[in-house]
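A.B. asks: To start, I am sharing the structure in question, which I have written as structure tokens.
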Amino acid sequence: MTPTQRDIDREIATESQAYAKELADGGPALHHPSRGYAPYRSSVLRHPRQPPIAVRDPDAIELSGPVFGVTDITDLDADLTRQHTGEPLGERITVTGRVLDRSGRPVTSQLVEIWQANASGRYAHRRDQHPAPLDPNFSGVGRCLTNDRGEYSFTTVKPGAYPWRNHENAWRPAHIHFSLFGAAFTQRLVTQMYFPGDPLFRYDPILQSVTDEDARRRLVAIYDHDLSTPEWSLGYRWDIVLDGPSATWIEEGR
Amino acid sequence: MTLPTPSQTVGPFYGYALPFPDGGNLATAAAPGAITVHGTVHDGAGQPVPDALLEVWQPAPDGSRAGRPGSMRRDQVTGGFLGRNGIDFTGFGRVATDHDGHYTLRTLPPGGAPYLAVCVFARGLLHHLYTRAYLTDHPLHATDPLLAALVAQRRASLESVREDENMYRFDIHLQGEKETTFLAFD
Ligand SMILES: [Fe+3]
């Protein structure tokens, strides 16, 4: 039987209480979702049950990682509103921020990729059958390289919320998917950026899979009026911190 | 220390954004010494996973770990993809599983390490998983410190099966009896 939103709400609350109890008992703060999070039904058969093996070999190749350069992007890739002959529909926004590693150092010249639904909540993907209009002037794919301060910036339109089939009346809060590379393969991150004040946060098992409230807050961009451009666009700021060690950390004995 | 940004699932709709032409071809099949690594990603019920995305990272055949740009070379005129230039070995590959959960990589044997580092993303997977595809006939295979530290049961899933001279099979099981050994770096 398809679970209702109320069923999922109850499961989310149970997971949240279990985490609060672990914290109260002196457990560590969890920065990432646990991979087996039953309220997100697709996770049930797609997470390992055995614990991962810790690799502490300073010669592991994962402590280095791929590099990208000017040949891998085009100038228009960071502006999702200029990839077609016409203008996409929706609220024009800029999203900008810094990519840092765990020690707060900027991640420079690395690839940032984004993808998102259009303003109506529809992806330009054949498997997305949400009966909302496609926008012939919006693909929803962007790329850029971080600059020497670790900054990235995209111009796009605000994505719409969209329904999905996790449970009855399931809706995803508006989000932009992000993919990030660090100095090492261990620092790889794929995540989603959310918009402040979205009423759907509490109902969404994907966001709630991050059971730590502070960590959840780190997935939400800040509206920054100074980043808004008069008569043109609204500005959001979202800084990203990549987890995981790199070869340079190990050389410096961190 | 700054606190990390949490991971979230890659979801179902990355297919028009992340894969790119030649993503799985770090080398062409015709390159001298080229090998094929292929396999199927399975879920805990043994079913193939048609919406997984694999990334690999490896040293160049000469052992360099510096990597090279140009994995997803772009056409500045059309905005499309040019494919790799056939000269630089970038060390990076990205390939989506097909409708039957299968993937294929073509590459050159890594220098200085007997494995390809593999990162798995999928719809339903809230945080990516790392594993390694070991090449069992690689000169460094016998002395690899990670393999040496593992019990046989946890070691077997990391060893690719050599199917013929240049062909290796590396299946990934996200869960279950044949569950792949996944790795953590912290
Ligand atoms: Fe999405």
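The values are calculated or read from the model by the stated rules, or taken from the named source; none is laboratory data. For clarity, every value in this text was computed on a predicted model and none was experimentally measured. Note that we place each Cβ from the backbone using ideal geometry, even for glycine, and neighbour counts take in every protein chain shown. To get the accessible areas, we keep the full protein, side chains included, count just its heavy atoms, and leave off ligands, DNA and RNA. Shrake-Rupley method; radii C 1.70, N 1.55, O 1.52, S 1.80 Å.
A.B. asks: With contacts defined as alpha carbon pairs under 8 Å and 6 or more residues apart, what's the relative contact order of chain A in percent?
C.D. replies: After rounding, I find 25 percent.
A.B. asks: Sticking with this one: For chain A, which span is the longest to avoid every loop-located (per DSSP) member of GluC sites (Glu not before Pro) having at most 12 other Cβ atoms inside 10 Å?
C.D. replies: A:92-230
A.B. asks: Heavy-atom accessible area per residue, segment A:119-254, 1.4 Å probe: how many Å²?
C.D. replies: Per residue, segment A:119-254 has an accessible area of 44 Å².
A.B. asks: Report the label-to-label distance for B:Glu163 and A:Thr2 in nanometres (one decimal), using points 7 Å from each Cα along the Cα→Cβ vector.
C.D. replies: 4.0
A.B. asks: What trypsin sites (Lys or Arg not before Pro) does segment A:47-95 have in DSSP loop regions with at most 16 other beta carbons within 10 Å?
C.D. replies: A:Arg49, A:Arg56, A:Arg82
A.B. asks: Between chains B and A, what is the buried accessible area summed over both chains (1.4 Å probe, protein heavy atoms, nearest 100 Å²)? Please report the intermediate quantities before stating the final value.
C.D. replies: On the way: alone 10680 and 15130 Å², together 18870 Å².
The summed interface area works out to 6900 Å².
A.B. asks: Quick one: if you take sqrt(5λ) for each eigenvalue of the C-alpha gyration tensor of the protein assembly as shown, what semi-axes come out, biggest first, whole angstrom? Let's see the in-between values first.
C.D. replies: Values: eigenvalues 215, 142, 93 Å².
After diagonalising the Cα gyration tensor, the semi-axes are 33, 27, 22 Å.
A.B. asks: Now a separate question. Evaluate the relative contact order of segment A:183-254 (contact order divided by residue number), counting alpha-carbon pairs under 8 angstrom at least 6 apart; express in whole percent.
C.D. replies: Reported as a whole number, the value is 39 percent.
A.B. asks: Determine the distance separating the Cα centre of segment B:117-174 from the Cα centre of segment A:13-48; give it in Å without decimals.
C.D. replies: Measuring centre to centre over Cα atoms gives 27 Å.
A.B. asks: In whole Hz, with x marking every Gly and Pro, tabulate ³J(HN,Hα) for segment B:62-71 from phi via Karplus 6.51 cos²θ - 1.76 cosθ + 1.60, θ = phi - 60°.
C.D. replies: Running phi through 6.51 cos²θ - 1.76 cosθ + 1.60 with θ = phi - 60° gives 7, x, 5, 10, 6, x, 9, x, x, 4 Hz.
A.B. asks: Based on Cα positions only, what radius of gyration and what Dmax would you give for segment B:98-186, in angstroms?
C.D. replies: My reading of the Cα-based Rg and Dmax gives 13.4, 37 Å.
A.B. asks: Same structure again: So what is the accessible area of segment B:12-136 per residue, in Å², with the probe set to 1.4 Å?
C.D. replies: The answer is 33 Å² per residue.
A.B. asks: Do any GluC sites (Glu not before Pro) in segment B:145-185 lie in a DSSP loop with no more than 14 other beta carbon atoms within 10 Å, and if so, which?
C.D. replies: For GluC sites (Glu not before Pro) across segment B:145-185 that sit outside H, G, I, E and B with at most 14 neighbouring Cβ atoms in 10 Å, the list reads B:Glu165, B:Glu177.
A.B. asks: Let me ask another. Would you report the distance distribution of C-alpha pairs in segment A:1-125 as whole percents per 5 angstrom bin, up to the bin with the largest distance?
C.D. replies: 2, 6, 9, 11, 13, 14, 16, 14, 9, 4, 1, 0
A.B. asks: Using a 1.4 Å probe on the protein heavy atoms only, what accessible surface does B:Met167 show? Give it in Å² to the nearest 10.
C.D. replies: Ignoring ligands and nucleic acids, B:Met167 comes out at about 60 Å².
A.B. asks: If you don't mind, another one. Hey, can you list the residues from segment B:30-63 whose accessible area shrinks by 30 Å² or more with all protein chains present, relative to the chain by itself (probe 1.4 Å, no ligands or nucleic acids)?
C.D. replies: Correct list: B:Asp43, B:Glu55, B:Trp57.
A.B. asks: On alpha-carbon atoms, Rg over Rh for chain A using Kirkwood Rh?
C.D. replies: Radius of gyration relative to Kirkwood radius: 0.97.
A.B. asks: Which whole-percent values make up P(r) of segment B:1-157 when all C-alpha to C-alpha distances are grouped in 5 Å steps starting at zero?
C.D. replies: Pair shares across the bins are 2, 8, 15, 19, 18, 17, 13, 5, 1, 0, 0.
A.B. asks: Same structure, new question: Would you calculate a helix-derived [θ] at 222 nm for the protein assembly as shown, using -39,500 (n - 2.57) for each DSSP H run of n ≥ 4 and dividing by the full residue count, to the nearest 500?
C.D. replies: Value at 222 nm, helices only: -2500 deg cm²/dmol.
A.B. asks: Once amide H atoms are placed 1.01 Å from N in the peptide plane, what residues at a sequence separation of 5 or more from A:Val67, or on another chain, have their amide H within under 5 Å of its amide H?
C.D. replies: B:Arg68
A.B. asks: In whole percent, and with a 1.4 Å probe on the protein chains, what portion of the accessible area of the protein assembly as shown is carbon and sulfur?
C.D. replies: 53
A.B. asks: Let me ask you something else. List the chymotrypsin sites (Phe, Trp or Tyr not before Pro) within segment A:189-245 that DSSP assigns to loop and that have no more than 11 neighbouring Cβ atoms inside 10 Å.
C.D. replies: Those satisfying the criteria are A:Trp232.
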